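This is the structure, below, for whatever I ask next.
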Amino acid sequence: MKPVPFELVYQVPAPPERVWPILADTERLNRQIGLPPTEPCAVGGEPVRVARVKARMAGFPVVWEEDPFDFVEGSFFWVRRRIVSGPILQFNGGMRLAPDGEGTEVRVQSEFLPRNALGQALVQAICAKSRGDFDRLFSGLRAHLAGERETPYGEGVDLAPPAARQATLARLRAADPEFLRDPLAPRLCEHLASSGDTELVRIRPFALARQWGEDRYAVLRLCLLAAARKVLDLSWDLLCPNCRGAKNRWQRLEDVRSQAHCDDCQISFDANFDRVMEVTFRPNAGFRRIEGLIYCSGGPRNTPHIVAQTVVAPGETARLQVRLAPGRYRLRNLTAELAATLFVDMEGESASCRAVLEADGLRAGPEAATLRAGETTLECRNGTGQRQQLILERLGLHEDMATAAVVSVYEEFRNLFSSELLSPRTQMGIQSLALMFTDLKGSTALYSVLGDAAAYALVRAHFELLEDLVRRHGGGIIKTIGDSVMGAFPTTDRAVACALELHAELERFNQEAPYPIRLKVGLHEGSCIAARSYDERLDYYGGAVNLAARTHEQSRGDDFVVTEAVMRNPDAASLLAGARCEPFEADLRGLGKVTLYRVLPYLPQR
């Protein structure tokens, strides 16, 4: 049988960069145009992510093998499917976006290869139905872009039906009163009642905060409170470092394991708290039942960190036109065994990149120059003996990711989920954690002057002050040892911001205290291990912890002391730019001579 082409052309009143995130979200797109849910699984073999997908169409089971999507962000996506059985042999399809004045021309294209006459008749029926489905889709998209509709995809995809919304709201209004007293609780209730399933399968608190325009830790605190009161379910999601897909989900921290395998990327990897472990939420089934159905597992928006992707046959060369913003990128094959880093900035010397994939590595040029931001030609030859999946991805922090390292140090989590512990057999690495140690200066005199009861009450009050201050900066109190406190923060700049504020807070505290107190404070940032302590707490161990614990001993009480690692952190250094920093060398117990910096942000008035 001959291939049957199909094409529709639409004009959309918005530029491609605004239209792309909507149309490239093939999970929502497929739901909207009435395609069935699927059951994908990876097929091993060559270093290309090939998926075998099962679905039911018109009541009949259908199985196909699907190559990775070819796509360039903002420009096009295309997928090839080889159907294992049934009246259709093959389907290829996708969309192409092109600037059209102030708007975008969108071409919906596909090609069917019928197996027989029945397949040809079925293709004609599919094409006739698709015209109506896409007409409705683009009508809704235009209404959304014109501000006439809140969401691009309609009821059943982005929005729950009105009756279901009202029923969910009624159940939520009867939720735990402590949860409902939170200032943001009404907004979360509306979100849980109104959003479609795709929004609620993995609620990411920092992404939700950005969407709402609220403080990220206020939204994290809300989600943690909702989970503690059984409005939400909390899960620990292990993400593949390549595709960023969730490969394992655990309801309890005790069940988390430190190693995993990604069938899609064909790699095994070690889990760690601050790179591949994310805390997400979903509605508790008692308030809103979510169907965890998959409508498309390989679409471009499933991996938004990937800018472009294509499959290159042995000996062939792929050429892609990509638009790159300033930053760091990685060009790699599927498993990242062959990879190279690219640097892009506004003053870059080249508008093209040529790369060669060989069995012993990937070489990309220009080697000595950075790429110029904007339109870039990416040309890559496959010199290996196998098909290769070529991927260009952004590098850097994922700002919307509430990592396990962030959540586990947060004071609200440690208060609400104190029973959440790692298994005694599991240790989780953390590549970067900011640590603060404090100690009361002159505590012996304090007890001598005030007596034991009054002095202990003052010590407890200073613990509460520290707890509140650390929490406001996104950290948590890990433990207290006598008059000393160990705190942890997800980022170094938050630890420095807390230390900068600390002595000013103490000045206010001392105005009403029966005896003035001073704190010796030390900060360090480094890698460590999260593990279950002997007294059943989530604690942190390693050389960075030992160094931080020694650093505060060099403080005088009107300052705080930081290590070179803190001074090298760009965000922390910018906060310290207005402070007086004095370098000095100290001989730390058990660690030898170390260069430290004394920071004097506030000098007490004597």
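Just so you know, all these numbers are worked out from the coordinates, no wet-lab data involved. Predicted model, so just to flag it, every value in this text is computed and none were measured. Every residue, glycine among them, receives a Cβ derived from its backbone with ideal geometry; neighbour counts consider all protein chains shown.
Counting other beta carbons within 10 Å of each residue's own, what order do 277, 346, 57 fall into, fewest first?
346, 57, 277
Then there's this: For residue 488, which sequence-distant residues (separation of 5 or more, or a different chain) have an amide H within less than 5 Å of its own amide H, given hydrogens modelled in the peptide plane?
Close amide H contacts, sequence-distant or interchain: 436, 476, 478.
May I pose another question? Let me have the relative contact order for the chain, percent, based on Cα pairs under 8 Å that are six or more residues apart.
About 11 percent, as a whole number.
May I have the pair-distance distribution P(r) for the chain, computed from all Cα-Cα distances with 10 Å bins from 0 and rounded to whole percent?
Calculated over all Cα pairs of the chain, the distribution is 3, 14, 21, 24, 19, 11, 6, 2, 1, 0 percent.
Tally Lys/Arg at +1 and Asp/Glu at -1 over every other residue whose Cβ is under 15 Å from the Cβ of residue 385; what's the total?
Neighbour charge sum, excluding residue 385 itself: -3.
Between helix 216-228 and the chain, what is the angle of the helix's C-alpha long axis to the longest principal axis, kept within 0 to 90° and rounded to the nearest 10?
Its long axis makes an angle of about 90 degrees.
Going by C-beta contacts inside 10 Å, put 123, 407 in order with the fewest on the left.
Ranking 123, 407 by Cβ neighbours within 10 Å, fewest first, gives 123, 407.
Averaging sequence separations of C-alpha pairs under 8 Å and six or more residues apart, then dividing by the length of segment 1-153, give the relative contact order as a whole percent.
Value for segment 1-153: 27 percent.
What is the helix-to-structure angle for 185-194, meaning the angle in degrees between its Cα long axis and the longest Cα principal axis of the chain, kept from 0 to 90 and rounded to the nearest 10?
10 degrees
Which of 72, 4, 9 comes first, and how do the rest follow, when ranked by fewest Cβ neighbours within 10 Å?
9, 4, 72
Using θ = phi - 60° and the Karplus form 6.51 cos²θ - 1.76 cosθ + 1.60, what ³J(HN,Hα) does each residue of segment 74-85 get, whole Hz, x for Gly and Pro?
Result, rounded to whole Hz: x, 10, 7, 9, 8, 9, 10, 10, 9, 8, 6, 9.
Amide H neighbours of residue 560 under 5 Å, at least 5 residues apart or on other chains, H built in the peptide plane: list them.
599
Still on this model: Near residue 283, within a Cβ-to-Cβ distance under 12 Å, what is the net charge of the other residues, with Lys and Arg +1 and Asp and Glu -1?
Once all neighbours under 12 Å are counted, the net charge is +2.
Could you tally the net charge around residue 100, taking each other residue with its Cβ under 14 Å from the Cβ of residue 100, Lys/Arg +1 and Asp/Glu -1?
Once all neighbours under 14 Å are counted, the net charge is +1.
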